[in-house]
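Reading through the structure tokens given below for one structure.
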Amino acid sequence: MSYTYNRLLKKIKQKDVPQHVAIIMDGNGRWAKMHKLSRSIGHKYGVERMKELLRVSKDAGIKYVTVYAFSTENWKRSSQEVGALMKLAVDFINRDIDEIASEGAKITILGDISALPEETREAVEYAVKKTEKNDELYFNVALNYGGRAEIVRAVKKIAEDVKNGVIDIDCVSEQTVSDNLFTAGMPDPDLIIRTAGEFRLSNFLPYQSAYSEIWISDPKLLWPDFAGKYFLKAIYDYQQRDRRFGAVK
Ligand code: FPP
């Protein structure tokens, strides 16, 4: 089969599409190096792919898309690169929020935005507010996100509720934990995609990914080159898998 965009789109629509797809957009730095550009420019091209991803997700009928934009570990990068990523978030919102909002996408931030530079935090708060009533596509942006930190935060919130008598300790369940994560009320990701060939999840959605299918691209396929047809191919491959959730068919 030749993997053209329209052919793949038609194919995948013949089966159930995943409800929630999460993506580790890896390889911007390697892409930049390959093209003799700065890492920041690599991220800039990465943002363009992220926008394309939203269009393709809508075409495909995917309801929830989560992207890993900035991890709690990414602060270890040079201040220049961190600054460029923070600025890119602002530019992205200023330039694209009207279109995203009119397309019916609701932006939710996964992560602690209080630690972001003021300009970025304000832009992000604006984007969240502007799209809060939308329900066509749920676009989650993991920003200053760490999966273990998210679990610690949930544990603290639950402990507080137990202490205050809001819930009984015997009623704390897996659902209680889910309800206290940034993704509360959302389905767990059916599929996690990682570009650029690395076989790890890097602290991304550790609780939510318990039964996610994982799709890793070829190492040469870097995020800025991850055109819509590759995304559709990952979904097509996902649809060929047998998800048993621990049961026997
Ligand atoms: C990984 O590539 C990518 C990131 C750490 C950032 C991803 C961010 C974007 C695509 C832009 C969207 C961001 C915002 C804030 C709106 P890498 O730099 O680790 O690449 P490498 O492994 O090749 O060095």
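The values are calculated or read from the model by the stated rules, or taken from the named source; none is laboratory data. Worth saying up front: this structure is predicted, and the values here are computed from it rather than measured. Don't worry about glycine lacking a Cβ; one is built from the backbone with ideal geometry, like all the others, and counts go over all protein chains shown. Protein only, heavy atoms only, side chains kept; ligands, DNA and RNA dropped before computing areas. Shrake-Rupley method; radii C 1.70, N 1.55, O 1.52, S 1.80 Å.
For the structure I just gave you, tell me whether Ala234 is surrounded by 18 or more Cβ atoms within 10 Å (Cβ to Cβ), small (Gly, Ala, Ser) and outside any loop (DSSP other than H, G, I, E, B).
In short, yes.
I need the full set of residues from the range 65-83 which are open to solvent by less than 30 Å² (accessible area, probe 1.4 Å) and more than 9 Å from the ligand (Cβ to nearest atom), in order please.
Val65, Thr66, Val82
Of the residues Val21, Val90, which is modelled with pLDDT of 95 or more, more than 7 Å from the ligand (Cβ to nearest atom) and crowded, with 23+ Cβ neighbours inside 10 Å?
The match here is Val21.
Specify the residue that is nearest to the chain's Cα centre (by Cα); the eligible residues are those in the range 219-230 that are away from the ligand (no atom under 14 Å from the Cβ) and either open to solvent by 40 Å² or more (accessible area, probe 1.4 Å) or aromatic (Phe, Trp, Tyr) (or both).
Looking at residues that are away from the ligand (no atom under 14 Å from the Cβ) and either open to solvent by 40 Å² or more (accessible area, probe 1.4 Å) or aromatic (Phe, Trp, Tyr) (or both), I get Tyr230.
Could you grab me the full set of residues in the range 72-93 that are touching a helix residue (DSSP H, G or I) at 6+ places or on another chain (Cβ under 9 Å) and hydroxyl-bearing (Ser, Thr, Tyr)?
If the condition is that a residue be touching a helix residue (DSSP H, G or I) at 6+ places or on another chain (Cβ under 9 Å) and hydroxyl-bearing (Ser, Thr, Tyr), then Thr72, Ser78 are the ones that fit.
Taking the range 4-16 only, how many residues are in contact (Cβ under 8 Å) with a residue 60 or more places away in the chain, surrounded by fewer than 18 Cβ atoms within 10 Å (Cβ to Cβ) and closer than 30 Å to Ala210 by Cβ?
Of the residues in that region, 3 qualify.
Of all residues in the range 26-43, count the ones that are within 8 Å of the ligand (Cβ to nearest atom) and part of a helix (DSSP H, G or I).
Looking only at that region, the number is 9.
Please work out which one of (1) away from the ligand (no atom under 12 Å from the Cβ); (2) modelled with pLDDT of 95 or more; (3) over 14 Å from Trp223 (Cα atoms) is the condition Thr4 fails and give its number.
The number of the failed condition is (2).
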